[in-house]
1. Please sort by residue number the trypsin sites (Lys or Arg not before Pro) in segment 3-83 whose DSSP state is loop and whose Cβ has at most 14 other Cβ atoms within 10 Å.
2. Please go through segment 222-283 and write out the GluC sites (Glu not before Pro) that DSSP classes as loop and that have at most 13 other C-beta atoms within 10 Å.
3. Give, in nm to one decimal, the length gained when the segment between GLN82 and PHE171 is fully stretched (0.36 nm per residue of separation minus the Cα-Cα distance).
4. At what distance in nm do the modelled label points of ARG152 and MET1 sit from each other, each positioned 7 Å from its Cα along Cα→Cβ?
5. Fully extended, how many nm does the chain gain between HIS90 and ALA50 (0.36 nm per residue separation, minus their Cα-Cα distance)?
6. Per the Debye formula with a single identical scatterer at each Cα and no solvent contribution, what log10 I(q)/I(0) holds for the chain at q = 0.08, 0.11, 0.16, 0.17 Å⁻¹?
7. Along the Cα-to-Cβ line of ALA38, 7 Å from the Cα, sits a label point; which residues in segment 45-69 have backbone N less than 12 Å from it?
8. For a protection proxy built on the mean count of beta-carbon atoms within 10 angstrom, sort 126-133, 101-108 highest first, please.
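Throughout, read-outs are computed from the coordinates displayed, never taken from laboratory work. Fair warning: this is a prediction, and the values are worked out from it, not measured in the lab. With ideal geometry, Cβ positions are generated from the backbone for all residues, glycine too; neighbour counts draw on all protein chains shown.
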Amino acid sequence: MELSAYAKINLTLDILRKREDGYHDLQMVMQTVTLADALTVEPVEGREGAMASDLRYLPADGRNLAQMAAAAFRNAVGEGPQVDITIQKHIPVCAGLAGGSADAAAVLKAMNQLAGAGLAVRELAAIGEKVGSDVPYCVLGGTALAEGRGERLTPLPPLPNCHVVLCKPPFPISTPQLFAKVNVRKIVCRPDTPGVLAALEAGDLAGVARRLYNVFEDVLEPRRKSEIDAVKAVLIDCGALGASMSGSGPTVFGLFDDLDAAQAAYDRLKESYQQVFLCETLN
């Protein structure tokens with residue numbers, strides 16, 4: 001089977017509280033975009049499945065979320081084929097776009113069909129929860145409200161189709177370190193999540209774009225925050241309706257209702273950054 005594993009962006013990201021288990025309760029409005037990895041999932045007999053990708057530094061064993069997803073599926077249903085998984089990466093790694101989770105979700109869908117298990121989307125998402133926090137959303141896709149660690153999902157009216165420019169600055173951001181910096185009681189600015197939900201209900205793209213917000217931006221190191229803000233400024237200057245950082249970063253995205261404006265932003269950012277992408281929302 002050949003599948004596409006689609007990236008996600010966070011239209012909003014809020015941290016509500018720290019839980020007793022050490023995790024945080026989140027509230028996020030998520031959106032699928034057309035930037036995607038290409039996967040091939042092929043059943044094999046007489047041996048364990050193997051994994052390969054076009055990035056040498058990615059783990060090709062049980063540490064990879066795609067391999068973990070295949071094992072989790074077999075454990076959940078008590079059967080299922082061994083599979084070889086080949087991934088051609090297009091989604092940047094460690095970028096706040098859920099590339100690994102998207103790959104895992106695609107494998108779960110492939111395994112469901114190959115095994116003839118007939119599991120519903122919600123059942124696949126429950127298996128994905130054991131693999132990673134973003135996997136359940138990546139199984140569902142589209143526009144959704146994600147709560148808890150990301151496993152409690154509510155489908156939302158689709159974001160009106162628009163163009164998306166993504167730019168990943170050339171530095172890593174540690175998700176655990178960002179969470180460690182967050183003091184929930186001291187968060188002053190939060191996303192207007194009810195406003196975003198109302199704008200989605202009304203089909204108001206500009207209303208959603210005006211309310212893009214990610215609380216992680218407020219705990220970035222000053223030099224990282226400065227570069228994130230600089231990318232956002234280029235996007236807005238070129239005509240983005242709104243811009244924000246996705247997930248724990250460092251990828252920044254802008255929403256455009258005009259393709260020429262989106263192309264201009266892509267071209268301008270491409271002069272300074274290697275990983276820039278022009279895509280669309282997907283519902």
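1. ARG19, ARG47, ARG56, ARG63
2. Hits after loop and neighbour filter: GLU271.
3. Going from the current span to full extension adds 28.4 nm.
4. Result: 3.0 nm between the two label points.
5. Full extension of this stretch gives 12.4 nm more.
6. -0.33, -0.62, -1.26, -1.39
7. Correct set: 54.
8. Descending packing order for the listed peptides: 101-108, 126-133.
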